[in-house]
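Accompanying notes for the structure given below.
The values are calculated or read from the model by the stated rules, or taken from the named source; none is laboratory data. Just so you know, these numbers come straight off a predicted model, no measurement behind them. Every residue, glycine among them, receives a Cβ derived from its backbone with ideal geometry; neighbour counts consider all protein chains shown. Accessible surface areas use protein heavy atoms only, side chains included; no ligands, DNA or RNA. Shrake-Rupley method; radii C 1.70, N 1.55, O 1.52, S 1.80 Å.
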Amino acid sequence: MTDLAAGVQGDRSFVTGRFLRMLSITLEQLDAVRDANTRAEFAGLGARAKVLERETDALEREIEEACLAAFSGCVKGDLGFYLMVFRSLTNLERVGDYAFSVARDLETFAPRARSATLQDVLPLVRLLSVMVERLAYAFAERDVAAAREVMVLDFEQVDALYEQMQRASLTRLVERPEDVEVALTASRMARNLERLGDHLVNVAERLEALVLGTAPPAPTP
């Protein structure tokens, strides 16, 4: 292996590790939301999620710099990998933003978070955690089947749960108009989680295209 090829391979390992760390941070953020709900202890949830979001931002900058440096010295076969990662950085950064927003909203409404309206959000959190785990595996192993599983979970379950939650929120809002603030917050949380899933799908689609050598579809805005 030439010195140039060895250097690119080393950069690739660095980028892979940092990329997987970004995914694991998202999982930590979602797990923190679930744990806070289980223990009914929400104090500090937003602060913890903010620390993780800042780590995500720092990792995004590190990976971006590594990709830009690698572009000038890429050996054949590596360019697609760096492009896939580079184009996915915005998705993962937005994933962190959405997870932070959900954690912040949940902490803010902690006194009323045991209401059925907010509890409807939790199945989405659990499902998205599974999607993050499958995406991390797909990326680490270049596993197309796992990447496609992420897409299927979003199309068949996340979207359905989101629509179900929005209908339930409207129903409760009609029945309890005084609970409008909580209902609107729950709706925003559900929307943020639904968008989080869309960004995971964008990454999964690019990974599938990389492994199969096809052109990736246009990302969801």
Could you grab the relative contact order for the chain? Cα pairs under 8 Å, six or more apart, rounded to a whole percent.
-> 25
On the first, second and third principal axes, largest extent first, how far apart are the outermost C-alpha atoms of the stretch 112-183 in Å?
-> 50, 20, 13
For GLU41 and SER24 in the same chain, what is the full-extension length gain: residue separation times 0.36 nm, less their Cα-Cα distance, in nm?
-> 3.9 nm
Work out the FRET efficiency for GLN119 and THR90 from their Cβ-Cβ distance, taking R0 = 25 Å, and round it to the nearest 0.05.
-> 0.20
Accessible surface of the stretch 87-199 [probe 1.4 Å, protein heavy atoms]: carbon and sulfur percent | 51
What accessible area per residue comes out for the stretch 136-221, rounded to a whole number of Å², with a 1.4 Å probe?
-> 50
What span do the alpha-carbon atoms of the stretch 35-164 cover on each of the three principal axes, reported in whole Å from largest to smallest?
-> 56, 32, 21
Short version: what are the Cα gyration tensor semi-axes of the chain, square root of 5 times each eigenvalue, largest first, in whole Å?
-> 36, 18, 12
Taking only Cα atoms and a 10 Å spring cutoff, compute GNM fluctuations for the chain and point out the largest among ARG167, ARG21, ARG142.
-> ARG167
State the extension gain, in nm to one decimal, for the chain segment bounded by THR171 and LEU68, taking 0.36 nm per residue of separation less the distance between their alpha-carbons.
-> 32.1 nm
Taking Cα atoms only, helix 122-141 is inclined relative to the longest principal axis of the chain by an angle, in degrees rounded to 10, of 10
Based on DSSP H runs of at least 4 residues, each adding -39500 (n - 2.57), what is the mean residue ellipticity at 222 nm of the chain after dividing by all its residues, to the nearest 500 deg cm²/dmol?
-> -28000 deg cm²/dmol
For helix 159-175, what angle does its Cα long axis make with the longest principal axis of the chain, in degrees from 0 to 90 and rounded to 10?
-> 20
